[in-house]
1. Give, as residue ranges, the strands (runs of 3 or more DSSP E) completely inside the stretch 70-153 that count at least 2 residues that are polar (S, T, N, Q) and within 24 Å of the chain's Cα centre (by Cα).
2. Which condition number does ILE136 fail, the rest of (1) touching a residue at least 24 places away in the same chain (Cβ under 8 Å); (2) under 30 Å from THR93 (Cα atoms); (3) not polar (S, T, N, Q) being met?
Amino acid sequence: MNKKTIILIAALAAIVFSSGCIQPPVCGNNICELLEDVVNCPNDCRVAFCGNAKCETGENSTNCPKDCPAEKMCTTNRECGISTVCCAGNCITPACTTNAQCNDKNPATTDRCLNPGTCNAACSNTKILEICGNGICSASEDDYTCPQDCGYY
């Protein structure tokens, strides 16, 4: 291209931009506009990069499962991984599978896993009734009224 051609193109571009017909691109507005590219405006015109832990435009669970993992869909527990169960079409980890997982470290409660290993699994921490002889010195007991729990015998 010669000098005259370059000047003519620049003058035409200036006229078009100043006419209001075409707005000049704004680098940094997260839109890859006309005349922007990955070199002169990398913030707006990013090339999706599979493997950067971001599911970007153009990526999906088929062409980039590292960045865009598909939800694990299921119809039976066999389709889920170890220690997960199929609940409403999704593989989830149940709240508990054993009573030990529900231990609240409070000796005044009985700790249980209700519906262990299922979609409806839940921990229950039920207060133990104040009964003399249960191994817990409760507020209503003392070494005189319940020496088994509170004192020496």
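The values are calculated or read from the model by the stated rules, or taken from the named source; none is laboratory data. Given the structure is predicted, the values throughout are model-derived calculations rather than measurements. All Cβ positions, glycine included, derive from the backbone under ideal geometry; neighbour counts span all protein chains shown.
1. Values: elements: 85-87, 90-92, 109-114, 122-127.
Answer list for the stretch 70-153: none.
2. (2)
Condition check ((1) surrounded by fewer than 14 Cβ atoms within 10 Å (Cβ to Cβ); (2) under 24 Å from ALA121 (Cβ atoms); (3) modelled with pLDDT of 80 or more) across all residues:
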residue	(1), (2), (3)
CYS32	no, no, no
LEU35	yes, no, no
ASN63	yes, no, no
LYS66	yes, no, yes
CYS86	no, yes, yes
ALA100	yes, yes, yes
